[in-house]
Amino acid sequence: MHCSISGEVPEQPVVSKKSGLLYEKRLIERHISEYGKCPITGEPLTMDDIVPVKTGKIVKPRTVQTASIPGMLGMFQNEWDGLMLSNFALEQQLHTARQELSHALYQHDAACRVIARLKKERDEARSLLAQAERQIPMSASEAVTENASVLSNGKRAAEDDDLGQPGKRVRPGISASIITELTDCNATLSQQRKKRQIPPTLAPIGALERYTQLSSHPLHKTSKPGILSIDIQYSKDIIATGGVDATAVVFDRLSGQIVSTLSGHSKKVTSVKFVAEGEFFLTGSADKTIRVWQGSEDGNYDCRHILKDHTAEVQAVTVHATNNYFVTASLDNTWCFYDLSSGLCMTQVADTSKTDGYTSAAFHPDGLILGTGTSEAVVKIWDVKSQANVAKFEGHVGPVTAISFSENGYFLATAAHDSVKLWDLRKLKNFRTLNLYDSDTPTNSVEFDHSGSYLGIAGSDIRVYQVGSVKADWNCIKTLPDLSGTGRATCLKFGPDANYIAVGSMDRNLRVFGLPGDEAPLES
């Protein structure tokens with residue numbers, strides 16, 4: 001007795017009154033509920049036409065496969081094969097799902113980029129409108145036309161590759177409102193400095209004495225090696241370098257990865273500067289231009305402005321403490337004061353004395369004093385409000401390659417071909433000279449750390465001094481070798497709390513020195 005549907009011995013046999021066929025009860029009941037007819041003959045069939053058959057307990061006979069060990073092994077093999085096929089199908093479905101998810105994420109990222117670009121263009125349009133409303137000496141319509149002609153798709157376009165001498169331009173000057181802003185910033189910072197203490201997280205002298213190279217990162221091209229400038233954004237621990245290869249590289253020290261490589265300059269990048277607050281980044285180049293870059297959410301930097309106010313190499317860029325203005329210094333013997341948001345040159349100050357131009361520049365921490373170094377070994381101090389030269393420091397030999405103000409506001413360190421000189425700004429005199437190298441080895445960089453506790457010097461090696469006073473000694477804490485093999489360490493910068501020192505040399509590698517055990521990812 002076998003079920004007419006399954007062909008197997010039924011557990012609950014029933015028979016049809018009409019056809020006399022035998023079925024498994026649960027199968028025929030389900031078929032009648034769905035179709036209402038006999039599955040074999042096709043005749044109409046209801047539950048009343050089904051009669052149960054009373055039988056003894058049915059014991060199903062074993063199948064042939066389970067009657068022997070070889071049969072069981074074959075059955076197990078078939079089940080295993082089926083399981084593997086099912087697993088393969090699931091993996092295929094998982095792969096398809098991952099592809100679909102990746103495509104969806106890509107679409108989402110593209111949408112975010114479009115939204116960010118539209119927001120940026122909106123902000124630029126607002127900035128242009130505000131600039132036009134300032135009623136500077138040029139008419140409002142001329143201002144809008146000029147700025148609109150150099151803006152394309154949210155970027156300052158360089159449609160004119162000729163970087164020759166521009167015509168004379170009318171500068172609006174530093175307005176009374178800007179001077180008030182600078183004065184208020186000076187008063188606030190001066191008051192805060194009186195209460196400021198050395199942070200407890202500052203690296204102690206004992207730690208600096210044990211500094212060694214932690215990592216080396218090849219950031220620039222091998223065809224034109226050399227890093228000329230360096231800066232650090234302390235809030236994100238990101239390092240930027242400017243190279244002989246005409247590019248600037250933004251590097252994440254913690255991950256050991258390049259965030260962005262900024263191309264656009266046609267000659268070497270001589271100066272790089274982060275703006276402490278916001279996403280702006282500045283580069284100065286030997287191609288006579290300054291570029292203002294703005295970071296985006298995806299880590300890339302877009303060029304907002306290309307500034308062509310200088311007629312010779314731009315040697316230095318320095319940002320004011322308000323983070324709203326910056327100054328550039330050039331070999332054309334002028335320095336320019338810019339508004340950061342609009343890229344407008346407020347004033348261009350020319351030196352009436354006969355010099356071959358500026359080689360370095362830095363703002364005093366309080367922001368009302370600007371220091372510049374010249375190619376003729378003179379350090380000049382300027383009053384930013386009046387743009388007047390209020391002091392001159394002489395005594396160096398060769399171009400002044402770097403200047404740095406201490407955070408305490410009292411000391412100025414300058415580097416030139418001959419030595420490093422320390423100046424007391426209260427008495428306007430040199431109180432100490434550090435003769436570090438021979439006459440054929442220039443000092444390329446000098447830098448105070450952010451707390452004003454340490455002074456770093458780069459030349460044929462890297463030396464770190466403990467900051468003393470006018471009368472107390474300035475002791476050399478650590479001498480680090482220049483491992484580039486070029487004998488020229490060109491620039492250095494202390495990391496947050498002097499926990500590491502970033503160094504650039506005349507090879508293409510950025511080197512990080514610090515305490516062993518604090519290594520970031522190594523890439524060399």
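Remark: the stretch 23-121 projects, on average over all directions, an area of 14.4 nm² (convex hull of Cα atoms).
Using heavy atoms of the protein chains and a probe of 1.4 Å, the accessible area assigned to Tyr500 is about 10 Å². For Lys308, go through the lysines and keep the ones whose alpha-carbon is under 25 Å away, minus same-chain ones fewer than eight residues off. Leaving aside lysines fewer than 8 places away in the same chain, those within reach of Lys308 are Lys120, Lys155, Lys168, Lys224, Lys267, Lys268, Lys273, Lys288, Lys354, Lys380, Lys385. Estimated at the nearest 10 Å², the accessible area of Ile179 is 40 Å² with a 1.4 Å probe. When you restrict to C-alpha pairs under 8 Å that are six or more residues apart and normalise by the size of the chain, the relative contact order lands at 11 percent. Computed over protein heavy atoms with a 1.4 angstrom probe, the accessible surface ordering of Glu376, Glu313, Glu277, largest first, is Glu277, Glu376, Glu313. Using a probe of 1.4 angstrom and keeping all protein chains present, the accessible surface of the chain works out to 50 square angstrom per residue.
Put a dot 7 Å past the Cα of Asn323, heading toward its Cβ, do the same for Thr441, and the two dots end up 3.9 nm apart. Here volume of the Cα convex hull per residue in Å³ was computed from the coordinates, and among [x] 355; [y] 162; [z] 304 the match is [z]. Each other residue within a Cβ distance under 11 Å of Phe326 adds +1 if Lys or Arg and -1 if Asp or Glu, for a net charge of 0. Taking only protein heavy atoms and a 1.4 Å probe, the accessible area of the stretch 380-520 is 44% carbon and sulfur. Among Lys268, Lys471, Lys380, Lys273, the order of accessible area from largest down is Lys471, Lys268, Lys273, Lys380, computed with a 1.4 Å probe on protein heavy atoms. Each Lys or Arg adds one and each Asp or Glu subtracts one; over the other residues with Cβ under 9 Å from the Cβ of Gly243, this totals +3. Restricting the calculation to Cα atoms, the stretch 13-57 yields a radius of gyration followed by a Dmax of 9.9, 31 Å. Working from label points 7 Å from Cα in the Cα-to-Cβ sense, the Ile258 to Asn408 distance is 4.2 nm. Protection proxy ranking for 119-130, 255-266, using the average of other Cβ atoms within 10 Å per residue and placing the highest first: 255-266, 119-130.
Taken over the Cα atoms of the stretch 379-524, the convex hull encloses 130 Å³ per residue.
Neighbours of Phe431, meaning other residues whose beta-carbon lies under 10 angstrom from its beta-carbon, give a summed charge of +4 when Lys and Arg score +1 and Asp and Glu score -1.
The heavy atoms of Phe411 offer some 10 square angstrom of accessible surface to a 1.4 angstrom probe. Over the stretch 13-57, what percent of the accessible surface lies on carbon and sulfur atoms, probe 1.4 Å? Its accessible area is 52 percent carbon and sulfur atoms. Between Ser127 and Asp237, the FRET efficiency estimated from the beta carbon spacing at R0 = 25 angstrom works out to 0.25.
The values are calculated or read from the model by the stated rules, or taken from the named source; none is laboratory data. Just so it is clear, the structure is predicted and the values come from calculations on it, not from any experiment. Cβ coordinates were reconstructed from backbone atoms using ideal geometry, including for glycine residues, and neighbour counts include every protein chain displayed. These area figures cover heavy atoms from the full protein model, side chains too; ligands, DNA and RNA do not enter into them. Shrake-Rupley method; radii C 1.70, N 1.55, O 1.52, S 1.80 Å.
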